[in-house]
Amino acid sequence: MTRDKINGRRLVGLFLLGLLLFNFPLLSLFNRPVLVFGIPLFYLYLFGVWSVMILLMIVISLARSEPSLTDEHG
Amino acid sequence: MLATETVIFVSLCYIGVLFGIAYYGDKRADSGRSIISNPYTYALSLAVYCTAWTFYGSVGRAASAGPSFLTIYLGPTLMMTLGWLVLKKIIRISKIHRITSIADFIGSRYGKSMTLGGVVTMIAVLGIVPYISLQLKAVSTSFSLIHQYPAIQPYSYPSGIRIWSDTTFYVALLLAVFATLFGTRNIEAAERHEGLVAAIALESMVKLVAFLVVGIFITFFIFDGFGDIATQAMAAPELRLLMTLPENAGAFSSWLAHIFLSMMAIVFLPRQFQVMVVENVNETHLTKAIWMFPLYLLAINLFVLPVAFAGLLTFGASHLEADMFVLALPMANQQFLLGLLVFIGGMSAATGMVILETVALSTMICNDLVMPALLHLPFLKPAQRENLSVILLSIRRLSIVLVLLLGYAYYHFAGEYYTLVSIGLVSFAAVAQFAPAMLIGIFWKGGTRTGALLGMTAGFTVWIYTLFLPSLAGAGLIPRDFLVNGPFGISMLRPFELFGLKVFDRITHAVFWSMLANVGCYLAGSLFSRQSVMEHTQAAMFVDIYRYVGRVHDSSVWRGTAYLPDLVLLLERFLGKERTEAALENYAMTHGINREQALTRDSGLVNHIERLLAGAIGSASARVMVASLVKEEPLGLEEVMDILDETRQAILYSHELERTTAELRAANQRLQELDRLKDDFISTVSHELRTPLTAIRSLAEILRDYPETPADRQSEFSGIIISETRRLTRLITQVLDFQKLESGRTRWQITRLDLETVIKDSVNATGQLIAEKNIDMRLHLPAKSHPIKGDRDQLIQALINLISNAVKFCDPQTGRIDIRLEYSADHLTLSVSDNGIGIGEAIRSKFSISSNRWWIRCAAGPPAPAWAWRSLARSSSITTAN
């Protein structure tokens, strides 16, 4: 399997994870009017998950950008 | 009124800068040094997604409905993670088929259908009109707010205003001019606008910077950071509500529906398709864009909530629209320059969207709506007109103006009644109607034209009924009674509660019913209709795009012949002389064809020309144009299937044949080899057995016939008989070991022996033979003996073979045989020569090769059969083996 395909699957996995985390019922766990570190919990959660997703996308994309290195071993 | 002039002046300067960038971008593109060919510009151009809706509307939404504004940006983030699966495929398909718009894409997927392209265009235009009016509304509202600086007047749309005295109208015209100038510069073969994209990327930078600056100013300078704003908001009960979603099923479902809508919008909005797919320079840019674009979205949303809270805390219950908080807050704090920056940011958000959207729509209107219609009007005879590219450009320019005027009309009549976001969502719901035909269409070959047509029509009809008509009714254009009691008083058909469905809000309700109708009709239509040949081909080419890469040239179902000059003329009309010449030159170069030859029968060229045309006027129109010139012989489905079947059979059969032939050839070679071995074997055996037998028989005859032979001679003869019999026995054993012998694994009796003795023994054994024929046998042996290692029996056998051959072939009258043994530095030469007819070169060489180091040279040997040489070779090679 090529690196492209592996990363493609990882991204699809990330999509499913995002779909889960950005929706109910998980979302309702954070749907409370309280402040954490001076930020409403609901927003903190959304922006947190959002940032993590972008971070994971960067990690996956970087893994793709050096295929010659990884292909030699795999 | 100093503010008004300043604002207008700065705005004009800004637009001037955009012109400059766009001009520079086009210049660079013409000289082949693209400034947009990098992932960063690509990601920034995708951010044209963030319009005035984002810039002003998000805050308004946050101030009225809390966190739900975020769904519009979470959806695209999710969609980008699917980029590698979905977007890359769409981009690849579009590049290979020279797709120029979403209508072109769908039309092309379903058999280059004109009808479908037209329907998509209609949906797109009608669906996008509210969205464009939203931008106009944002620009004019923000202008009317800032130009009254330092006063902050709640904006109210002057009712009954004349169009001619409405600034919004002039804004719309200005945007139309800009879009026309850069969107329709000339007809490209691949419909790309590098300068425009560069300008869009710059606008994306400007709006992000403007929003971040104003966000930081409001959060950290007016207030004391996030915490301060949040704490103050917690104290106010109505602000507290905005921190969460309401705990009911409707909120959850609308959350999901909005995420779905924005996921679809990021791909299917005409302008998004334009920047993401059509303007994509390099597929690999997607790799970086899939995280940079979501990062951009996150950044531009960071300060939305603080600004919304700050606005609510500052302006409270005044009549100021929350949509304008971003601009009003700096103004309220006497920051005119900051307000100006916000205004420019908002303007860049709006203009970017409007320009690109109208350009994309004009391409669709021209290629998929007007051109096909023109082609069907006989009196226009477009095929015979001299320069069609002028007509094409005029159509596009007119459609840009038309779309903007429609947008203005919607704004004028309905725009004042809705917030920015609610207008935008209506458009999102419209373009989502493309999703089933597109997404299912690129993964499932079974989708048919009928299905796509039914699905989109059904979905769009529901959209009109549940969203578009109500928005007009809300503005009083049609009786409101229609909303409250349903048409003709049928309450089951109330547009917001169709069939009594009440759990959803309006948007979710419309999305649910329209998608249900759309997907349902698409699937049902596909399952109950049949594909034409063209549909079938296109479906396969779209779904299996990665497999067809590089083979598009021979994939079309054309069997046409055309007269080359006709085709060239056609191309020139649309692309102009220079481009046509360059394109054809290129084609001839890559295909190694001499252009001077008339290529009347080359369907590859016809297809190439069709694709070039498709880049300019869309695939459906291109097909009609080319078809009018090409004497096409359409293939029926049956015929194609037959051809396919025959071809497949033929290929299978020829593979089979090739394999069988190879097998047969190998078997034949083996048989020949075996036959030869058998011959060798038989002659070897018979010869080798006969020699000692002859010796035994002649000695025994002597003993019988001459009883008076002296006793010592008799015992000598008996001794020879006995030794020959033993040799015979050993020979037979060896024959039985033939298999081993052939594979060279025979056990040899290697001993130290004296070659001279071996020679004398051999001569003795054949003495009778020699005596009978009166042959003069001479031995030339060296004085000193040289012991060697070897198998005595084999050597004797070999020598006997050679001698008996020499006997057989030497001169019958004066026969003479010389056996010569010579030593040289590193090898022995034993030669048996006779005065017979001589030895063939072939046999000698064969022999020489076999007997490796220990040469036995046969100077004038007889043409002995191969076995003789073989046996000599064998025995000698054994001698040298040690």
Task: Length gained when the stretch B:PHE413-B:ARG816 is fully extended (0.36 nm per residue, less Cα-Cα span) - done: 132.1 nm
Open item on the list: Please state the shape class of the range B:218-283: rounded when a/c is under 1.5, otherwise prolate if a/b exceeds b/c and oblate if not, all from the C-alpha gyration tensor.
Closed with: oblate
- [ ] Please give the FRET efficiency for B:ASN38 paired with B:ALA151, using the beta carbon to beta carbon distance and R0 = 51 Å, rounded to the nearest 0.05.
- [x] 0.65
Task: Efficiency of FRET between B:GLU673 and B:LYS808 - r from beta-carbon atoms, R0 25 angstrom, step 0.05 - done: 0.35
- [ ] Pop a pseudo-label 7 angstrom from the Cα along the beta-carbon direction at both B:ARG704 and B:MET589 and give the gap in nm to one decimal.
- [x] 9.8 nm
Task: B:ILE732-B:ASP754 pseudo-label distance in nm [points 7 Å out on the Cα-to-Cβ vector] - done: 3.3 nm
Task: Contact order relative to length of the range B:647-780, as percent, for alpha carbon pairs under 8 angstrom and 6 or more apart - done: 24 percent
- [ ] Kindly put B:HIS376, B:HIS536, B:HIS193, B:HIS608 in sequence by how many other C-beta atoms sit within 10 Å of each C-beta, fewest to most.
- [x] B:HIS376, B:HIS536, B:HIS608, B:HIS193
Task: Separation of alpha-carbon centers, the range B:281-345 and the range B:71-130, rounded to whole Å - done: 29 Å
Open item on the list: Over the Cα atoms of the range B:1-149, what radius of gyration and what Dmax do you get, in Å?
Closed with: 19.7, 59
Task: Gained length - B:SER529 relative to B:ALA299, 0.36 nm times residue gap less alpha-carbon distance - done: 78.0 nm
Open item on the list: I need the calculated FRET efficiency for the pair B:TYR24 and B:THR284, taking r as the beta carbon distance and R₀ as 22 Å, to the nearest 0.05.
Closed with: 0.35
Open item on the list: Whole-Hz ³J(HN,Hα) for each residue in the range B:699-704, computed from phi via Karplus 6.51 cos²θ - 1.76 cosθ + 1.60 with θ = phi - 60°, x for glycine and proline: what do you get?
Closed with: 5, 4, 4, 4, 4, 6
Task: the range B:650-694: C-alpha gyration tensor shape, a/c 1.5 cut-off, then a/b vs b/c - done: prolate
TODO: DSSP loop (so not H, G, I, E, B), at most 14 other Cβ within 10 Å: list which trypsin sites (Lys or Arg not before Pro) in the range B:1-96 pass both filters.
DONE: B:ARG33
Task: In the range B:759-817, trypsin sites (Lys or Arg not before Pro) in a DSSP loop with at most 14 other beta-carbon atoms within 10 Å - done: B:LYS784
Open item on the list: Cut-off 20 Å, label point 7 angstrom out along Cα-to-Cβ of A:ILE58: give me the residues of the range B:210-233 whose amide nitrogen falls inside.
Closed with: B:212
- [ ] Kindly provide the chymotrypsin sites (Phe, Trp or Tyr not before Pro) of the range A:1-43 that DSSP labels as loop, not H, G, I, E or B, and whose Cβ sees at most 15 other Cβ atoms within 10 Å.
- [x] A:PHE37
Task: Cα-based shape type of the range A:3-66, given that a ≥ b ≥ c are square roots of the gyration tensor eigenvalues and the cut on a/c is 1.5 - done: oblate
TODO: Treat each spin label as a single point 7 Å out from the Cα along the C-beta direction, and report the B:THR4 to B:ASP645 distance in nm.
DONE: 8.0 nm
Task: Paramagnetic reach from B:LEU212 (point 7 Å along Cα→Cβ, amide N under 15 Å) across the range B:271-302 - done: B:292-302
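Values quoted throughout were computed directly from the atomic coordinates according to the rules given, and no laboratory measurement underlies them. As the structure is a computational prediction, the values presented were derived from the model and not from experiment. Backbone-built Cβ (ideal geometry, glycine too); neighbour counts: all protein chains shown.
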